[in-house]
Amino acid sequence: MTPQAVRSILLASILFALAGGGFGFYGWLAGGRGRPTPPPASPTATADALQAAFVTVAEKVRPSVVNIGTVQVSRSRRAPVIPGPGNDDPFFKDFFDQFFGRGGPGRREEFRQPGLGSGVIIDKRGYVLTNYHVIRGADSVTVKLSSKQEFQGRIVGTDGKTDLAIIRFQPEGDLRVATLGDSDTLRVGEWAIAIGNPFGLDQTVTVGVVSATGRSEVGIATYENFIQTDASINPGNSGGPLVNLKGEVIGINTAIVATGQGIGFAIPANMVKRVTSQLIDRGKVTRGWIGVSLQPLTPELAEALGLGSTRGAIVARVLPGGPAADAGLQPNDVIVKFGGTAVDDYHHLQRLSSDAEPNTTVPLDIVRKRERKTLTLKIAESPDSPAAPTSPAQSR
């Protein structure tokens with residue numbers, strides 16, 4: 001074999017070796033650098049993981065959920081027994097004593113009306129969050145823990161406009177406290193877990209999803225921004241938590257639609273945070289007020305006013321002597337921004353103005369006669385208003 005042939009064979013061998021190494025390196029990269037690709041999770045493993053998540057949430061949150069018992073005492077005077085034959089007979093006397101008591105005709109009697117609801121512990125000092133309608137008119141409140149211990153509760157503060165209330169009891173040991181989550185990040189379709197005491201059945205857990213967010217015009221409270229869920233909510237669930245898969249309270253269960261099934265409403269956690277902090281610190285809630293009556297911005301009105309969308313709120317009336325009048329607002333002005341925040345609708349503007357601190361100044365972006373203007377408005381403290389309206393939604 002000639003030296004030239006030997007060189008050719010060596011060169012070909014080197015080329016083949018380099019090509020083989022290149023293909024091997026590519027295969028190593030494409031295959032996860034030598035690591036085998038893990039097999040996909042089986043349906044059974046996924047179901048087990050989901051089940052374990054529900055169990056973990058229940059074990060974490062249930063100890064912070066309490067049963068709230070109330071008693072409302074009413075007094076009335078019984079009409080006197082009409083005299084007649086036989087009233088002095090011992091037999092008739094025992095008969096009337098059995099049904100009307102031994103106090104005699106016309107005596108004053110007490111009727112004790114019990115009530116049940118749920119609550120959730122939000123502070124180790126014994127503060128319990130619940131619905132206002134659960135304790136409304138109560139003469140006494142009892143808090144029963146998951147450990148079956150019972151304590152006398154004291155109403156710290158109430159807010160009928162959001163249907164929230166704070167109760168406090170004196171604990172004898174450490175308490176499991178629930179964590180309030182961020183309800184603004186909720187997405188429709190996420191899991192939702194309701195925990196409470198429906199029909200007095202302590203520590204009941206039901207599961208559903210977040211059906212909708214931002215529900216208003218339900219007619220339960222003055223300020224509405226409800227989470228809608230199909231997790232089963234029944235009488236006695238009111239005041240109990242609606243929880244996500246992280247074990248965070250995303251809402252407080254409040255009402256159901258009496259004529260429907262699988263339609264329940266919860267007050268979102270972010271609204272709860274502001275109200276409860278004020279109830280604990282001050283015993284009441286202070287809200288901002290701008291002094292206007294508002295109406296929805298319909299597509300027809302938006303077109304007539306030269307607006308490109310229905311986002312915003314129309315000023316229907318400016319109250320004399322109020323902050324809006326002082327700022328120069330006029331009827332038919334469309335408020336499109338409040339303090340730099342774009343206004344979605346008149347419900348949104350109502351919440352923005354109520355959340356604003358009194359005596360602060362905010363810019364208002366408005367559209368007046370197809371022209372955009374910016375006004376400066378000083379927030380005032382909201383005056384007291386009448387009770388919340390009623391509707392087909394049945395409070396629980």
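The values are calculated or read from the model by the stated rules, or taken from the named source; none is laboratory data. Owing to the predicted nature of the structure, the values given are computational and were not obtained by experimental measurement. With ideal geometry, Cβ positions are generated from the backbone for all residues, glycine too; neighbour counts draw on all protein chains shown. Ligands, DNA and RNA are stripped out before the accessible areas are found, and what is left, the full protein with its side chains, is counted by its heavy atoms. Shrake-Rupley method; radii C 1.70, N 1.55, O 1.52, S 1.80 Å.
Tell me whether region 182-196 contains one or more residues that are open to solvent by 20 Å² or more (accessible area, probe 1.4 Å) and of a type in the set (S, T, Y). Taking every residue of region 182-196 in turn, at least one turns out to be open to solvent by 20 Å² or more (accessible area, probe 1.4 Å) and of a type in the set (S, T, Y).
Beta carbons closer than 9 Å, at least 6 apart along the sequence or on distinct chains, pair a first residue in region 193-209 that is part of a loop (DSSP other than H, G, I, E, B) with a second that is open to solvent by 30 Å² or more (accessible area, probe 1.4 Å) and hydrophobic (A, V, I, L, M, F, W, C) for N197/L116. Criterion first (in contact (Cβ under 8 Å) with a residue 12 or more places away in the chain, open to solvent by 50 Å² or more (accessible area, probe 1.4 Å), under 30 Å from I252 (Cβ atoms) and out of contact with any Gly (no Cβ under 9 Å at 6 or more places or on another chain)) does K273 satisfy it? Yes, satisfied.
Within region 136-146, at least one residue is open to solvent by less than 40 Å² (accessible area, probe 1.4 Å), of a type in the set (G, A, S) and modelled with pLDDT under 95. Contact annotation: residue pairs with Cβ atoms under 8 Å, 6 or more positions apart or on different chains, pairing a residue in region 353-365 that is over 11 Å from F338 (Cα atoms) with a partner that is open to solvent by 10 Å² or more (accessible area, probe 1.4 Å) and in a helix (DSSP H, G or I), are D355/R274. For region 343-367, filtering for residues that are closer than 14 Å to L297 by Cα and part of a strand (DSSP E or B) leaves 2.
Results for (1) on the phi > 0 side of the Ramachandran plot; (2) over 15 Å from the mean Cα position of the chain (by Cα); (3) of a type in the set (V, I, T), shown as yes or no for each residue.
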| position | (1), (2), (3) |
| --- | --- |
| R154 | no, yes, no |
| D163 | yes, no, no |
| V177 | no, yes, yes |
| S183 | no, no, no |
| V188 | no, no, yes |
| A192 | no, no, no |
| N197 | no, yes, no |
| V209 | no, no, yes |
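If you go through region 276-305 and pick out every residue that is farther than 30 Å from N234 by Cα, surrounded by fewer than 17 Cβ atoms within 10 Å (Cβ to Cβ) and not aliphatic (A, V, I, L, M), you end up with 10. Taking the conditions (1) open to solvent by less than 70 Å² (accessible area, probe 1.4 Å); (2) within 19 Å of N270 (Cβ to Cβ); (3) out of contact with any Phe, Trp or Tyr (no Cβ under 9 Å at 6 or more places or on another chain); (4) not polar (S, T, N, Q) in turn, V218 satisfies each one other than (3).
Of the residues making up region 355-371, those that are open to solvent by less than 30 Å² (accessible area, probe 1.4 Å), in contact with a Gly (Cβ under 7 Å, 6 or more places away or on another chain) and within 14 Å of A327 (Cα to Cα) number 1.
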